[in-house]
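This report concerns only the one structure given below.
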Amino acid sequence: AKYQRCTVHFYRNVFSVTPRSKVKLVAHTLLDVHIQETAFSPMIVSHPFTNSGITALRNEDGSLSMVDLVNNADDCTKWRSTVGKQIDSAENAHEVFALLNPPYYLTFIKFTAAALSEQDLGKLLSIAWTQEECPNQDCNISKRELLALFRSVSPEYLMDEEERQVYESMEDPVTVYRGVTPYNQKNVKALSWTLDRQTAEWFAHRFGEEGTVYEAQIKKEHIHAYFSGRNESEVIVDSMYLEQITESPEPQFDMQMT
């Protein structure tokens, strides 16, 4: 189900705190965000720490109880307290990150980046990018902010060994593709492209849409990462440096019998 993600605002009163405490402060601020209902509530909601208004909490005796976060204020208070304790007991940023609802991964990273090591930032950013649906259209973080995050991390911290090998073997300049549907046809110059034309074709026609595949050239130095997850052969590019952007014609196959 689709729903409108709520916009998150932070005050800048986070000075004089340690990196780990800042990460937890951001997490607690996200926890306090109002649970946004949808047309499918209470089953489906929008919140940084849950996508459902019906969830289970463990009781002191070890049993589980179902709670309604939308219609029962006491249940919601109990749930927030439980998640808050999990945040407080986390040993590192990764443990806090694991508690989050995936659509809010990038929001969390945006506000904690300055408190993370380059290695942690790279790891969390790569997970968020490959697991969050439509990260190019996240309403809580702009394309400029996303690009700044990728620029701040060495590629070695964004990719695993196999991905780095593909990245290093790319010929310069690199031919990249992007498939867009009528819904996102104005978002051609996005960060996310692919080395595989068939992948772009799938994105152009998913949901039964009649979309368009674009082809472009870009110098390797302007590619910040290569991700092999979900078999998409995805590259993260600085779209300012895309060249020769054209509609990519469908491949022609020689059907002549020999």
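The values are calculated or read from the model by the stated rules, or taken from the named source; none is laboratory data. Since this is a predicted model, take the numbers as computed values, not measurements. Note: areas computed on protein heavy atoms with side chains; ligands, DNA, RNA excluded. Shrake-Rupley method; radii C 1.70, N 1.55, O 1.52, S 1.80 Å.
Descriptive notes on the structure:
- Accessible surface computed residue by residue for the stretch 72-131, with neighbouring protein chains in place and a 1.4 Å probe, gives 42 Å² per residue.
- Largest first, the residues ARG178, ARG58, ARG80 sort by 1.4 Å accessible area into ARG58, ARG80, ARG178.
- Choice from LEU124, LEU25, LEU57 with maximal GNM fluctuation in the chain (Cα, 10 Å cutoff): LEU57
- Viscosity 0.890 mPa s, 25 °C: Kirkwood-radius Stokes-Einstein D of the stretch 97-158 over Cα pairs, µm²/s: 214
- Calculated on the alpha-carbon coordinates, the convex hull of the stretch 25-94 measures out at 93 cubic angstrom per residue.
- The helix-only estimate of mean residue ellipticity at 222 nm for the chain, built from DSSP H runs of length n ≥ 4 each weighted as -39500 (n - 2.57), is -10000 deg cm²/dmol after division by the residue total.
- LYS123 - accessible surface, heavy atoms, 1.4 Å probe, Å² rounded to 10: 100
- Subset of LYS186/LYS219; LYS85/LYS110; LYS110/LYS219; LYS143/LYS189 violating a 21 Å alpha-carbon distance limit: LYS186/LYS219; LYS85/LYS110; LYS110/LYS219
- Where the stretch 158-198 is the region considered: accessible area per residue in Å², 1.4 Å probe: 58
- Normalised by 2.2 N^0.38 Å, where N is the number of residues, the C-alpha radius of gyration of the stretch 117-255 stands at 1.03.
- With DNA, RNA and ligands ignored, accessible area of ILE87 (1.4 Å probe; Å², nearest 10): 0
- Hydrodynamic radius of the stretch 143-204 per Kirkwood, over alpha carbon pairs, in Å: 13.5
- Residue of GLY211, GLY179, GLY62 that the Gaussian network model of the chain assigns the largest fluctuation, springs spanning Cα pairs under 10 Å: GLY62
- Expressed as a whole percent, the accessible surface of the chain that belongs to carbon and sulfur atoms is 48, based on a 1.4 Å probe.
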